[in-house]
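The values are calculated or read from the model by the stated rules, or taken from the named source; none is laboratory data. What you see is a predicted model; the values in this text were computed from it and never measured. No Cβ is skipped: glycine too gets one built from the backbone with ideal geometry, and neighbour counts run over all protein chains shown.
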Amino acid sequence: MQKIQNIFFRYAAYDSSGTKIIEDLMTIDFSDSNHLTENWGFSALTQTHSVGSQVGTGQLIGSVQNKEIHLNLTPNFNDNNVMLIGSLTNRKIIGKWMWITFIGVSNQSAFEAIKI
């Protein structure tokens, strides 16, 4: 069986009131579920506060275990990290984004990433 590799997703992040605040594309290389890699590029839809470094572009790393996906959008940072933790299905990822600083989780809310 051939392993799935690069998959494109349309990403959307929401604030605590459920308003979409960020969207755009990310690519994830699933060829090794223990070491996911690839790129992302997200745009703000409104003036965003307290979302960390999830506006702009970058490289991600992560892993999948038992259909739970963990992605770090800012792996080269010691703080100001943006983590995505979600459930992986055949068509999408649904979960929570977290902005983590030296003081801990500074903000968090929902996200979804739909395979395109």
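Observations
- Residue within the range 97-105 that is more than 9 Å from the chain's Cα centre (by Cα), farther than 20 Å from Asn34 by Cβ and outside any strand (DSSP E or B) present: yes
- Residue within the range 40-47 that is of a type in the set (Val, Ile, Thr), crowded, with 17+ Cβ neighbours inside 10 Å and at pLDDT below 95 present: no
- The set of residues in the range 59-111 being under 14 Å from Ile28 (Cβ atoms) and touching a residue at least 60 places away in the same chain (Cβ under 8 Å) consists of Lys92, Ile93, Phe111.
- Hey, Asn76 of a type outside the set (A, V, I, L, M) and surrounded by 15 or more Cβ atoms within 10 Å (Cβ to Cβ) or not: no
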